[in-house]
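First comes the structure, then the notes that go with it.
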Amino acid sequence: MPPPKDVVKIAIQMVGAIPQLIDLQQTKPLASVLKDVCDAWSLPNAERYALQYADGRQTYITESNRWDIKNGSILRLTTSPDQEAEQLYIGIQSKNVDVKTDSLKKLASLSQDVTFAQEFISRNGLKQIYSIVEEGNDAGEMLAHTLKAFTELMEHDFVSWENLSTVFIKKIVSYVNMNAVDASIQQLSLSILENMVPTSRLLFEVVKKEVTLDRLLTHLQATNAQLQLKAMALLIALLLSATDAERRDMMDYLREKNIRQFIHKNIIHSSEPLGDEMAHYLYVLQSVSLNLCEHRMKMSMDPYSQEQRDLLQSLRQTAFESESEVSAGTFSTERRRSLCAKEFRKLGFMNNSNPAEDLRRAPPGLLALDNMVYFSRNTPSAYSRFVLENSSREDKHECPFARSSIQLTLILCEILHIGEPCSETAQAFYPMFFGQDHFFEELFCICIQLVNKTWKEMRATQEDFDKVMQVVREQITRTLSLKPTSLELFKTRVSALNYSEILKLRQTERLHQEETLAVPVLELREKLKPELLELIRQQRLLHLCEGTLFRKISSRRRQDKLWYCRLSPNHKVLHYGDVEEGVQSPPIESLPEKIPVADMKMLLVGKECPHTKEKSSGKQNKDVLELAFSIVHDVEEYCLNFVAPTRYEFCLWTDGLNVLLGKEMTSERTQTDLDVLLSMELKLRLLDLENITIPDKPPPIPKPPSNLNFCYDFSHAEQ
């Protein structure tokens, strides 16, 4: 008979004593449980003791978290959090350097626990930490422990960052700005400032003023990877907290300092592999930079703006310079206006009498005009060749430059997600973005020439405009998916992917689709499905057994803390626990927390998850909702919450958990994998039927013969 749900079998250790094996009654007050444990070891003053996990983060057991204790857990009897907080509060004020250092080291470790942190802060412990930093008498290991303890205590959000004194902030800033400071202290100081920046406008302004971009760039160029990472984290925090105008100024300054080229050479193409955290920061930097185009993208052309009209006229003058000069002195105003309209028509504007009307649509708004002007000024020969080549054609096959540029700008904005908020978890950036200044404009210059090339290959007319732009979109997206490392490589690959190649790819996909739609093939597919679905189930469970590294994400900022989860080889227990940065695949024995699969009740995804509901008061980023899932276990109030690192991991984990729960796999990845496996299996089975038409109906069965005398009589042979 299974034990009641409110009773768990646990072991309790104490240094120098034989462990106790007890049945912990969850309905019994914790104070009574502690008294019984202390009495068994003849320990007086049970109120001075507490229980904590022996492994992992060694969290204190409280009335609020005691229901997380599982069968087989190992606990330890230790000093209670209030007693520990009192001792450390006294210890960090000690005149003895060794006592003070040991106290600060222990404080940094225990401050991760919310119960201890509450006790220490309630004794005004943070004030002592402020004093140690502000006085500036301590350095090296002691200061590193102090800053670590401060970071962990502030992580619990009991105290507002706005309560920090100016002296304290300036001291932290000084550690970042000084050269002769230990790297670990600089890392912790950068991390503190990164946490500080998003909390208030005032703190943002203080940090932005005190820590210059030049100083951050110096740290970015350090050989210490962790220091480089923390400097990038602070830079990203400043960019995200800045106003649009401040962000533009900061990005302009960084461009002057060639930050892109440095990142491209020394971070992306470094000998060390790029970590997930740095990949995320590079994605954000790319996204912030591209989103500077949003303002122009959403702004319609103002026909009364002299500056905008001059830009428009410069397009015409660059393309038809000699003709314009002659007409200026020869023709009347009316005739000049007519000639301008004709030239704007040759440029490919739909409304040639008032070309500003073509740019009233936003998006792409003035961004399209900016791109056209950039193309005409930076590659004048290619621009003139494009315009003159098409304006001189009389066979209705001319490619409209302006109309194509406006539509292409819109396509590029959609592909590059300009105007969309940064994802909290994404790591997908384009390496070629960091290898080129004016990336968006240079990409446009390559792609507008691709439009002209594809137009000629398709022998298109004005009626085919939408078809051409669809092909161009496909050419760009297919090439970007290959992640070219430079614009030159992108140009080479996108040029090689010509219209005939696109047609071949489309035809292959279409033939494959038609092949698989024949009635006998559909019947074969249905017969193969169960076997292949079982194969996918086994793959999902195998992936869960290998495990995945997850990040802890709060509404305040992207966390550095990591935890790992994996399924036991017998598929009966989920093991999980916190791990350090750089640990790839920890052994299952090192993961202290467990959830028996038999105790799992339900899988929640997206908005149903408790950790997404907690954050619903803030601006919820949609990508977190798309990657969030939770396991409900024991009773419905208790959940293990996940945010998958990628959509791929989300699909594999939710599928695997559904298999463990005996439910159908529902992710889009299941259908994709099933289609791939079915396609491969069908191709192998139909290999001998190549170029043979498969009839929709099976051939008729012939009538039986009138007699069977043609059969050989084996009985005669035996005689």
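Worth a mention:
- Radius ratio Rg over Rh of the stretch 92-154, counting only Cα atoms, Kirkwood formula for Rh: 0.93
- Farthest toward the positive end of the dipole of the chain, out of His571, Ser486, Pro364, is the Cα of Pro364, where the dipole comes from beta carbon charges about the Cα centre.
- Signed unit charges on C-beta, dipole axis of the stretch 222-327, positive-most listed residue Leu292, Tyr253, Ile263: Ile263
- Residues whose amide H falls under 5 Å from that of Tyr49, counting only those 5 or more places apart or on a different chain, are Ser80, with hydrogens built in the peptide plane.
- Reachable aspartates and glutamates, given that their alpha-carbon falls under 12 Å from the alpha-carbon of Lys663 and they are not under 8 places away in the same chain: Asp655
- Amide H contacts for Gly348 (H built 1.01 Å from N in the peptide plane; partners 5 or more residues away or on another chain; cut-off under 5 Å): Phe401, Ala402.
- Lysines with Cα under 24 Å of Lys456, excluding same-chain neighbours fewer than 8 positions away: Lys342, Lys346, Lys396, Lys467, Lys491, Lys504
- Cα centroid separation - the stretch 1-78 against the stretch 187-228, whole Å: 43
- Residues of type aspartates and glutamates that Lys28 reaches as a straight line, Cα spacing below 12 Å, ignoring anything fewer than 8 places off in the same chain: Asp6, Asp36, Glu63
- Leu285 accessible area, 1.4 Å probe, all protein chains in place, Å² to nearest 10: 10
- Too-long pairs where the Cα-Cα distance tops 31 Å, listed order kept, from Lys9/Lys105; Lys171/Lys265; Lys170/Lys613; Lys127/Lys561; Lys561/Lys613; Lys527/Lys703: Lys9/Lys105; Lys171/Lys265; Lys170/Lys613
- What the phi angles of the stretch 405-419 give under the Karplus curve with 6.51, -1.76 and 1.60, with θ = phi - 60°, is a coupling list of 5, 5, 5, 5, 4, 5, 4, 5, 4, 5, 5, 8, 6, 6, x Hz, glycine and proline written as x.
- Selected from Ala225, Asn179, Leu164, residue furthest toward positive end of dipole (the stretch 146-231; charges at beta carbon): Asn179
- The angle between the Cα long axis of helix 519-546 and the longest principal axis of the Cα atoms of the chain comes to about 40 degrees, rounded to the nearest 10.
- DSSP-defined antiparallel bridges as percent of all bridges, the stretch 7-79, nearest 5: 80
- Solvent-accessible area assigned to carbon and sulfur over the chain amounts to 52 percent, based on a 1.4 Å probe.
- Principal axis dimensions, the stretch 188-243 - Cα atoms, whole angstrom, descending: 32, 19, 16
- Share antiparallel - DSSP beta bridges, the chain, percent rounded to 5: 90
- Relative contact order for the chain, counting Cα pairs under 8 Å that sit 6 or more residues apart, in percent: 7
- C-alpha long axis of helix 183-196 to longest principal axis of the chain, angle in °: 70
- Using heavy atoms of the protein chains and a probe of 1.4 Å, the accessible area assigned to Trp161 is about 10 Å².
- Space enclosed by the convex hull of the alpha-carbon atoms of the stretch 7-79, per residue, Å³: 85
- Kirkwood-based shape ratio for the chain, expressed as Rg/Rh from alpha carbons: 1.09
- Per residue, the stretch 107-208 exposes an accessible area of 40 Å² to a 1.4 Å probe, with every protein chain left in place.
- In Hz, Karplus ³J(HN,Hα) per residue of the stretch 567-578 (6.51, -1.76, 1.60; θ = phi - 60°; x = Gly, Pro): 8, 5, x, 8, 6, 10, 9, 8, 9, 8, x, 6
- Inter-part distance where the stretch 130-165 and the stretch 646-662 are each reduced to a Cα centre, Å: 41
- Net charge dipole, the chain: roughly 1260 debye, given to the nearest 20, about the Cα centre with Cβ charges of +1 for Lys and Arg and -1 for Asp and Glu.
- Here the 3J(HN,Hα) profile of the stretch 641-646, calculated from phi with Karplus coefficients 6.51, -1.76 and 1.60 at θ = phi - 60°, is 9, 10, 10, 5, x, 9 Hz, Gly and Pro shown as x.
- Size of electric dipole in the stretch 92-290: Cβ of Lys, Arg +1 and of Asp, Glu -1, about Cα centre, debye, nearest 20: 320
- In Å², nearest 10: area of Met299 left accessible to a 1.4 Å probe: 60
- Loop-located trypsin sites (Lys or Arg not before Pro) across the stretch 274-323 with a Cβ neighbour count of 16 or fewer within 10 Å are Lys298, with loop assigned by DSSP.
- Enclosing the Cα atoms of the stretch 92-290 in their convex hull gives a volume equal to 124 cubic angstrom per residue.
- For the stretch 100-206, a simple Cβ point-charge model (Lys and Arg +1, Asp and Glu -1, everything else neutral) yields a dipole of about 160 debye relative to the Cα centre.
- Between the helical axis of 647-660 and the longest alpha-carbon principal axis of the chain there is an angle of about 50 degrees.
The values are calculated or read from the model by the stated rules, or taken from the named source; none is laboratory data. In this text the structure is predicted, and so the values were computed from the model without any measurement. Cβ sites come from the backbone with ideal geometry, for glycine too, and all protein chains shown count toward neighbours. For the accessible areas, the whole protein counts, side chains as well, though only heavy atoms, and no ligand, DNA or RNA atoms are used. Shrake-Rupley method; radii C 1.70, N 1.55, O 1.52, S 1.80 Å.
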